[in-house]
Structure formats: structure tokens, C-alpha cells
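No value in this document is a laboratory result; all are computed from the given coordinates. Quantities reported herein were computed from a predicted structural model and do not represent experimental measurements. Heads up, the Cβs are rebuilt from the backbone with ideal geometry, glycines too, and the neighbour counts pull from every protein chain shown.
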Amino acid sequence: MAAMIDIDAGHLSTRLVLEAPETVADGQGGVATVFVQQARLWARVEPRGFAEENRGPGPVSTVTHHVTVRAGRALSPGQRFVAGARVLLIEALRDPDETGRFTLALCRERVG
């Protein structure tokens with residue numbers, strides 16, 4: 001078993017909306033993916049990395065984050081956290097200290 005990491009629940013100070021993708025009929029015989037609110041959570045959001053690449057008309061920046069939330073929600077890659085105009089796509093999940101108290105999500109945010 002891994003050593004218990006000291007995670008202070010008081011650091012979960014950012015309010016996020018958890019959204020999950022759903023496919024819906026687009027009215028023309030196809031489907032579209034929409035995101036539906038699942039829950040509102042308190043989280044700790046920590047920027048981890050930054051990259052920039054040229055796409056289409058100009059540069060696109062990507063910022064990676066570690067988002068820590070209390071365990072208990074059924075999180076999965078492909079879901080996302082939303083805070084205002086910010087969208088953090090969940091790419092991977094893990095239990096940071098293997099105690100089942102918290103979930104750590106690796107998220108990617110597109111900027112620009």
C-alpha cells in the first residue's frame with residue numbers, strides 16, 4: 001500500500017461542474033454529442049504543464065491540470081469539469097494515496 005498523502009480538504013476551494021457526454025439525435029438522421037451536468041463539486045485545481053502548437057489560423061495552447069476531488073463520484077475519462085468559460089477534459093484518473101478518500105484527475109484545457 002502506498003503511503004498516505006496529506007491532502008487537506010480545505011484546499012478543495014474551486015467550485016466545478018462535472019459534465020458527462022451523451023449522444024442525442026441531431027434531427028437529420030445522425031447524432032451529436034452534448035454534455036449534461038452530473039454534479040457540482042469542490043476541487044483543487046493545480047496547473048501542471050503548458051504546450052503551444054500552430055493549428056488552423058493560429059496557435060492553440062494546451063494547459064494540463066491535476067484536479068483533486070473527494071472520491072465517491074463515478075468519474076471517467078471523457079467527462080469534463082467546467083468553471084465558467086473554462087473546460088477541463090478528464091483524460092486519466094487515479095487514487096493519489098490508495099485510501100479511497102480522493103480522486104486525482106489529469107485534465108487538459110484548450111486555451112485560445
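Observations on the structure shown:
- From most to least packed by mean Cβ count within 10 Å, the peptides 43-54, 24-35 give 43-54, 24-35.
- Square roots of five times the Cα gyration tensor eigenvalues for the stretch 36-111, Å: 25, 14, 10
- Relative contact order for the stretch 36-111, counting Cα pairs under 8 Å that sit 6 or more residues apart, in percent: 29
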